[in-house]
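To keep things clear, I will list the structure first and then write my remarks on it.
The values are calculated or read from the model by the stated rules, or taken from the named source; none is laboratory data. The shown structure was predicted, so the numbers you read here are calculated from the model rather than taken from an experiment. Positions of Cβ are generated from backbone atoms using ideal geometry, with glycine treated the same way; all protein chains shown enter the neighbour counts. Note: accessible area is taken over every heavy atom of the protein model, side chains too, but ligands, DNA and RNA are not part of it. Shrake-Rupley method; radii C 1.70, N 1.55, O 1.52, S 1.80 Å.
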Amino acid sequence: MENNKYGRIPKYQIIENDIIDKIDNGFYQPGKPLPTEAELEKEYSCSRVTVRQALSNLSFKGYIYKNQGSGSFVDENRSIMKAPLSTSFTENTLRHGFKPKTEVREFSIIPAGTTIAEILKINPTDKIYYIERVRSIDDSPVIFEKTFMSVKLHPQISIMALEGSKYQYSKDFDIPMADAYQSITPLFASDYIADILKITTKQPILRVNDITYTKDGQVFDYSETFINSTVEQTITSHK
């Protein structure tokens, strides 16, 4: 691991970031294969397990895909894109002259389970916060959000903090956020979401799956956000 002012960075994160830089800079071309696991193991002086962790993360983020027996290739059509971190929903809404409101509908502690544990990079038996929030603009609900956060990483999180901004919370408790990765899918609202957003099930909405990392490579949170895309005032940043 390497040290920086935010702590020790895992080796797989260093490899992952280096490969991302090489893809973004054109060193590794779309549709072309990456070096083999053995070659990467030698290049980065690490174990095969570390290389596979880095490749697994890159696959989840949509930078690469794997062909059984052929290796890993740079994805030509990334479905999960790196998204810039910006100011909070509250700040953006106020800046546009509207009144923001956040309602925390659910705040509970549950076991992570296999799927969420894999995303948060924790053990399936570890405890997580399951959070549901509704974000409104001028009393009109426009965003419904389900969030999963590690209890170990966020022992100080509270309903009061979540009624404000996770972006502001990260600054208040000195948990610097780094990269965010999103996948965006258009779909029709379910009965449950339609009721929350006060729309019909024939209303098209956007689903945004969002995974955010801290500066030291930990997963800050994973969110599934449903946005009423027809509301002109909808603010795209929802931290």
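For the reader, a short list of remarks on this structure follows.
- Counted by Cβ distance under 11 Å from V51, the other residues give a net charge of -1, where Lys and Arg count +1 and Asp and Glu count -1.
- Element breakdown for region 122-239 at a 1.4 angstrom probe: carbon and sulfur atoms account for 52% of the accessible area.
- Chain lengthening between F107 and L187 when straightened (0.36 nm per residue, less Cα-Cα): 26.2 nm
- Max mean-square fluctuation residue, GNM over the chain, Cα-Cα springs under 10 Å, options M160, M149, M177: M160
- Hz values of 3J(HN,Hα) by residue in region 45-50 - Karplus curve (6.51, -1.76, 1.60), Gly and Pro given as x: 6, 9, 7, 5, 4, 5
- Solvent-accessible area per residue in the chain equals 52 Å², computed with a 1.4 angstrom probe and all protein chains kept.
- Computed helical MRE - 222 nm, the chain, DSSP H runs ≥ 4 contributing -39500 (n - 2.57), nearest 500: -7500 deg cm²/dmol
- Inter-label distance, A38 to M160: 5.9 nm, where each label sits 7 Å from its Cα along the C-beta direction.
- In order through region 149-163: 3J(HN,Hα) via Karplus (6.51 cos²θ - 1.76 cosθ + 1.60), integer Hz, x for Gly, Pro: 9, 5, 5, 4, 6, 10, x, 9, 5, 8, 4, 4, 5, 6, 6
- Spin-label model, T114/D126: points 7 Å from Cα along the beta carbon direction are separated by 1.8 nm.
- Magnitude of the charge dipole, the chain, Cβ model with Lys/Arg +1 and Asp/Glu -1, debye to 20: 100 debye
- For K11, the solvent-accessible surface computed with a 1.4 Å probe is close to 70 Å², ligands and nucleic acids excluded.
- Karplus-derived HN-Hα couplings along region 98-109 (A = 6.51, B = -1.76, C = 1.60, θ = phi - 60°), whole Hz, x at Gly and Pro: 10, 9, x, 8, 10, 10, 8, 8, 8, 8, 9, 10
- 20 °C / 1.002 mPa s Stokes-Einstein diffusion coefficient of the chain, Kirkwood radius on C-alpha pairs, µm²/s: 111 µm²/s
- With a Förster radius of 22 Å applied to the C-beta separation of T200 and V134, the computed FRET efficiency comes to 0.80.
- Point-charge dipole on Cβ atoms (K/R +1, D/E -1) for region 84-225, about Cα centre, debye to 20: 140 debye
- Residues whose amide H falls under 5 Å from that of V142, counting only those 5 or more places apart or on a different chain, are R135, S136, I137, with hydrogens built in the peptide plane.
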